[in-house]
Amino acid sequence: MSLEIRPMRSDDREGVHRVSHQAFNVPKSQRGKHELPLEQVRVAEEDGRVVGTTRVYDFGHWFGGRSVQTAGIAMVAVSPEARGHKVAEALMTETLREQRAAGTPFSSLYPATVSLYRRVGYEYAAPRTEWEVNLRSLPKGGVLEPEVWTDDDLDEIIACRTAWASANNGQLDRPRWWWEDRITTPDWDDLDVYRLCVREGGEVTGYMIYTQGKPKRGDWGYEIGCRDFVWRTPEAARSLTTVAARHRSLAHHLQFYGAPVDPLAFLVNEQDVKLVERFNMMGRLVDLPAAIEARGYGPHVEASVEVTVTDSVLGENTGTWSISVAEGRAKVAPSNGTRASTDIATLSAIWTGILSPHDAVRTGRLEASAGDVAALEAIFGGRAPWVADWF
Ligand SMILES: CC(C)(COP(=O)(O)OP(=O)(O)OC[C@H]1O[C@@H](n2cnc3c(N)ncnc32)[C@H](O)[C@@H]1OP(=O)(O)O)[C@@H](O)C(=O)NCCC(=O)NCCS
């Protein structure tokens, strides 16, 4: 048996569809709705037959106010008869090597199974947290007039979201095609997609994109399911929740993706912003020095630390690194010191801010003195990371 990992060719389409449709149990009615761009797909070929697939998106994640270029991994699939022989691991390893050679600093993915990705250096990076609020509990009395927006307003909507997303850690920096391909497109289940925004001084300060989905209980009514629920000011929040609440004769809840402790909870009178689901995205530093230098840091942080890191997949990351942060930027250089030590997966989780260095020590994933823990916490602490987009 010979296994080759390579870019997808046009004559692979049948094999790629066969493997991925079965793996993700794609209903026949939804097949063929999206043409796969050849340059994004990698295949595992065994004895002349496609047995595995993966897809690599090129987007960014915002960290510390800067967009870090990312290889977003999706569609990892192996046909049932080829499973259990490390085909998926080979696909991931080769894809990571390719991304490293291309200079990509970071990679992220949503894991169907965590252990596969931990083996190749990923760790939890940011939660995707879905909240719901009963429409009767939402703040009302907003004074901004909600407007229906169209594709003609997209530039203004993108400007609003970019200002909002760049102030959060973990959000996707969406390429333009992402909007057109995934955000403003029709719903896969053929639900209508509705768009509303509010303006202050002519500028969009909040917007929502939503569908009216099946009610959670019973047959009567519907739920407001937001693709995006973005607000930048208190008045934008109040005006969007006011218009959402006006659906309440038939609708039950507003559902949206929000922060691990979402600020909307601070505008609602009781503890009525309820968790629906939390699922962790994973991430990995592909080029350690490039990724640490690519993200931003708190403007008041001045700290430095030396860390010894092991990486069994991308050996270039293995070594001792000196990390110094000042004026919002980091400098990374090889070093001879051996103080704190960890592996690439743990450092990746510390880099995103999801794992505090203190907890990394408690879980046996980081060896560090109290001084090094404090330095790492000063550097990588900050707003808790979270992510709204699915891929
Ligand atoms: C998940 C999947 C891609 C694994 O493919 P595979 O080639 O069998 O995986 P590998 O042989 O490379 O496994 C490597 C490691 O991943 C983990 N792993 C693999 N399959 C797993 C599963 N079904 N459940 C939990 N862990 C699994 C194990 O740690 C395994 O190492 P081990 O065999 O030494 O225990 C395959 O089962 C599949 O296509 N499933 C359906 C689609 C899917 O879930 N894709 C993942 C989307 S994120």
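Things to note:
- Lys/Arg +1, Asp/Glu -1 at C-beta; the chain dipole; positive extreme among N169, F24, T95: F24
- With the simple model of a label 7 Å out from the Cα in the direction of the Cβ, V268 to E327 spans 4.4 nm.
- Net length available on complete extension from S369 to H21 is 120.3 nm, with 0.36 nm assigned per residue and the Cα-Cα distance removed.
- Extended-chain gain in nm, criterion 0.36 nm per residue less alpha-carbon gap, T338 and E145: 63.5 nm
- A protection proxy built from the mean count of other Cβ atoms within 10 Å ranks the segments 211-217, 117-123, most packed first, as 117-123, 211-217.
- Spin-label pair R119-R31: with each label point 7 Å from Cα along the Cα-Cβ axis, the two points sit 2.9 nm from one another.
- Loop GluC sites (Glu not before Pro), segment 241-313, which have at most 10 other Cβ atoms in a 10 Å radius of their Cβ (DSSP): E270
- Average projected area [Cα convex hull, the chain], square nanometres: 21.5 nm²
- Shape call, segment 237-391: gyration tensor on alpha carbons, a/c limit 1.5: prolate
- D (Stokes-Einstein, µm²/s), Kirkwood Cα radius, segment 263-307, 0.692 mPa s at 37 °C: 216 µm²/s
- Over segment 36-148: Rg over Rh, Cα atoms, Kirkwood Rh: 1.15
- Gyration tensor (alpha-carbon) shape descriptor, segment 12-69, a/c threshold 1.5: prolate
- Packing here is the average count of other Cβ atoms within 10 Å per residue, and on that basis the peptides 38-45, 83-90, highest first, run 38-45, 83-90.
- Among C226, V361, S312 the positive-end extreme of the charge dipole of the chain (Cβ point charges): V361
- Stretching D359 away from D152 to a fully extended chain increases their span by 69.8 nm, per 0.36 nm per residue minus the current alpha-carbon distance.
- Kirkwood hydrodynamic radius (C-alpha pairs) into Stokes-Einstein, segment 192-257, 4 °C and 1.567 mPa s, D in µm²/s: 106 µm²/s
- Computed about its Cα centre, the charge dipole of the chain is approximately 740 debye, with only Lys, Arg, Asp and Glu carrying charge at their Cβ.
Since every read-out is calculated from the coordinates, none of them should be taken as a lab result. Just so we're clear, the structure is a prediction, and the values are computed from it rather than from any experiment. Glycine gets a Cβ as well: all are built from the backbone with ideal geometry, and neighbour counts include every protein chain shown.
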